[in-house]
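In what follows, a structure is listed as structure tokens, so that the remarks can point back to it.
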Amino acid sequence: MRLPPLLVAIALALAPMVAARADDAPARIVVRAAHLVDVQAGKVRDNPIVVIDGDRITEVRYDGQVPAGARLIDLGGATLLPGLIDCHVHLTGDPGEVKGDYYEAILKRSAIDSAILAPTYAKRTLDAGFTTVRNLGADDYVDVALRNAIDRGDIPGPRMLVSGPPLGATGGHADGTTGFSPWIEFHDINGVADGVDAVRHRVRENVKHGADVIKFMASAGVLSAEASVGAPQYSQEEMDAIVEEAHRWGKKVATHAHGAEAIKMAIRAGVDSVEHSSLIDDEGLKLAKQHGTYLDFDVYNDDYILSEYAKKGFPPSTIEKEKRVGRLQRENFQRAVKAGEKLAFGTDAGVYPHGWNARQFAVMTHWGMTPMQAIQAATVNAADLLDMKDKVGAVAPGYYADLIAVQGDPLGDITQLEHVGFVMKGGAVDRNDLAR
Ligand code: ARG
């Protein structure tokens, strides 16, 4: 076709403007790799081409056709997966802060110190391939501020759901002053609350100040000063009230529980997930199934606590408590896998260094999960627990463009996930060591 000269002239004159427009327009990106772990179907697919417009995936194709006009990120022989999800982290602290003097972190640091360091831990977590996390417990609402800064795009970090200060009984796992002189007073904003009215009020306070999820301590714990490691610390009435109140406000509930009795009380109260789940018994497994409760087992922690925490100056009683739950937790995790429980990936990172989250996968496969099951725990299952199952945890149209890639085969060698070479969150590349 021949164009009239005037039209040609106009077209030539406009060409630079059109080009400038295209530069400014939201970029279409195409990510190509050799394989994709399709976590929804539970199988690996070859030669994926993922089309991304803005922060969302718009298409996944396998016909080798790269749509024209897109920026191509070619990851060669790598394997793509959805961004990983950790349902239990504490981005406001890291064991690296405790270097032999256990009391220094407690007595010489404030919420401002936590807030200064938290962005570093958030970045390490994102760099390790975890594009979504649930932060289960942070005093002073440092977690809310961190989430908001990430959401605004002020600092890099994973998508965060946060709990604010975890609720707990006086003298229990959430009470940092247990064992101190009664004359010592801290002016932090914590979650200590006793009695039905007080716990209801405390739930409302957390919702008011920006919590996405409610966390409470159903039982004693390891890294706190009480003598027991697993005894219940709230009454059934208190647990019922916390869950009822949280659900009324549209918030899910996660509970910390090691002991068998506390786990069952929390499940009966209607919690959405039990964290640790260490000493769960047969009746507890049955109850969890009946109620559809997710169980998170932080099965890597035992290794790190037993090898490092004495050196950090933690009291011998803490190490002794860890020995009472560590091994049994792994055995009970295996029983839960066999029983077909709903299991999600939660590490309690912050007890061990941020960025090491993926080390838990190898423990999970050693104790009974297939690699695919372990990956699903950290993708589809985790997304379901977080009420985000149509947004994150899969590489499919409509989902956030949260993608990671590893050089080797993660199903043949799950430790590949400890060496993530490409991370994209919401269509923005966080890091890429794989591009050719
Ligand atoms: N935050 C937990 C607590 O202090 C950590 C427990 C870690 N131990 C374990 N075996 N998972 O109770």
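The values are calculated or read from the model by the stated rules, or taken from the named source; none is laboratory data. Predicted, not measured: the structure shown is a model, and the values here were computed from it. Counting neighbours? That spans all protein chains shown, and the Cβs are built from the backbone with ideal geometry, glycine included. The area values use the complete protein model at the heavy-atom level, side chains included, leaving out ligands, DNA and RNA. Shrake-Rupley method; radii C 1.70, N 1.55, O 1.52, S 1.80 Å.
Take PHE314 and tell me if it is on the phi < 0 side of the Ramachandran plot, more than 10 Å from the ligand (Cβ to nearest atom), open to solvent by less than 10 Å² (accessible area, probe 1.4 Å) and not β-branched (Val, Ile, Thr).
Criteria not met by PHE314.
When you look at GLU322, is it assigned to a strand (DSSP E or B) and either at pLDDT below 95 or near the ligand (Cβ under 9 Å from one of its atoms) (or both), yes or no?
Against the criterion (assigned to a strand (DSSP E or B) and either at pLDDT below 95 or near the ligand (Cβ under 9 Å from one of its atoms) (or both)), GLU322 does not qualify.
Going by the conditions given, is ALA394 aliphatic (A, V, I, L, M) and modelled with pLDDT under 95?
In short, no.
Can you run down the residue pairs with Cβ atoms below 7 Å, 6 or more apart or on separate chains, where the first is in the range 142-154 and under 23 Å from GLY191 (Cβ atoms) and the partner is open to solvent by 60 Å² or more (accessible area, probe 1.4 Å) and not polar (S, T, N, Q)?
Listed by first residue and then by second, the contacts come to VAL144/HIS209.
So, in the range 250-309, how many residues would count as being away from the ligand (no atom under 13 Å from the Cβ) and in a loop (DSSP other than H, G, I, E, B)?
8
Could you tell me which of the residues ALA257, ALA227, ALA218, ALA198 is open to solvent by less than 10 Å² (accessible area, probe 1.4 Å) and out of contact with any Phe, Trp or Tyr (no Cβ under 8 Å at 6 or more places or on another chain)?
ALA257 is the lone residue from the list that is open to solvent by less than 10 Å² (accessible area, probe 1.4 Å) and out of contact with any Phe, Trp or Tyr (no Cβ under 8 Å at 6 or more places or on another chain).
Name the pairs: first residue in the range 304-330 and free of Cβ contacts under 8 Å to residues at least 60 places away in the same chain and of a type in the set (A, V, I, L, M), second residue open to solvent by 70 Å² or more (accessible area, probe 1.4 Å) and away from the ligand (no atom under 12 Å from the Cβ), Cβ to Cβ under 8 Å, at least 6 apart or on different chains?
ALA310/PRO316
Residues of the range 378-390 being in contact with a strand residue (DSSP E or B) (Cβ under 6 Å, 6 or more places away or on another chain) and not aliphatic (A, V, I, L, M), which ones?
THR379, ASN381
Quick one: in the range 288-302, which of the residues that are surrounded by fewer than 18 Cβ atoms within 10 Å (Cβ to Cβ) and touching a residue at least 12 places away in the same chain (Cβ under 8 Å) is nearest to the chain's Cα centre (by Cα)?
GLY292
Being outside any strand (DSSP E or B) and closer than 30 Å to THR379 by Cβ narrows it down to one residue among LEU81, LEU91; which is it?
When all the criteria are applied, what remains is LEU91.
Hey, any hits in the range 232-254 for a residue that's in contact (Cβ under 8 Å) with a residue 40 or more places away in the chain, of a type in the set (S, T, N, Q) and open to solvent by 10 Å² or more (accessible area, probe 1.4 Å)?
yes
Starting from residues that are outside any helix (DSSP H, G or I) and among the charged types (D, E, K, R), keep the ones in the range 371-389 and report whichever is surrounded by the fewest Cβ atoms within 10 Å (Cβ to Cβ).
That would be ASP387.
From the set of residues in the range 229-247 that are in a loop (DSSP other than H, G, I, E, B) and touching a Ser or Thr at 6+ places or on another chain (Cβ under 7 Å), which is nearest to the ligand (Cβ to nearest atom)?
Ranking the qualifying residues of the range 229-247, first place goes to GLY230.
Just to confirm my filter: which strands (runs of 3 or more DSSP E) fall fully inside the range 390-436 and include at least 3 residues that are open to solvent by 30 Å² or more (accessible area, probe 1.4 Å)?
Passing ranges, in order: 428-432.
Among the residues of the range 170-180, are any of a type in the set (Asp, Glu) and within 24 Å of VAL243 (Cα to Cα)?
Within the range 170-180, one or more residues are of a type in the set (Asp, Glu) and within 24 Å of VAL243 (Cα to Cα).
Among what's in the range 318-347 and is of a type in the set (Gly, Ala, Ser) and within 13 Å of ILE280 (Cα to Cα), pick the residue that is most open to solvent (accessible area, probe 1.4 Å).
It comes out as ALA339.
For GLY355, indicate whether it is touching a Lys or Arg at 6+ places or on another chain (Cβ under 9 Å) and without any contact (Cβ under 8 Å) to a residue 40 or more places away in the chain.
No, not satisfied.
Does the range 348-369 hold any residues that are open to solvent by less than 10 Å² (accessible area, probe 1.4 Å) and in a helix (DSSP H, G or I), and which are they?
Answer for the range 348-369, where residues must be open to solvent by less than 10 Å² (accessible area, probe 1.4 Å) and in a helix (DSSP H, G or I): GLN360, PHE361, MET364.
Among the acidic types (Asp, Glu), in a loop (DSSP other than H, G, I, E, B) and within 16 Å of the ligand (Cβ to nearest atom): is that true of GLU226 in this structure?
For GLU226, the condition - among the acidic types (Asp, Glu), in a loop (DSSP other than H, G, I, E, B) and within 16 Å of the ligand (Cβ to nearest atom) - is met.
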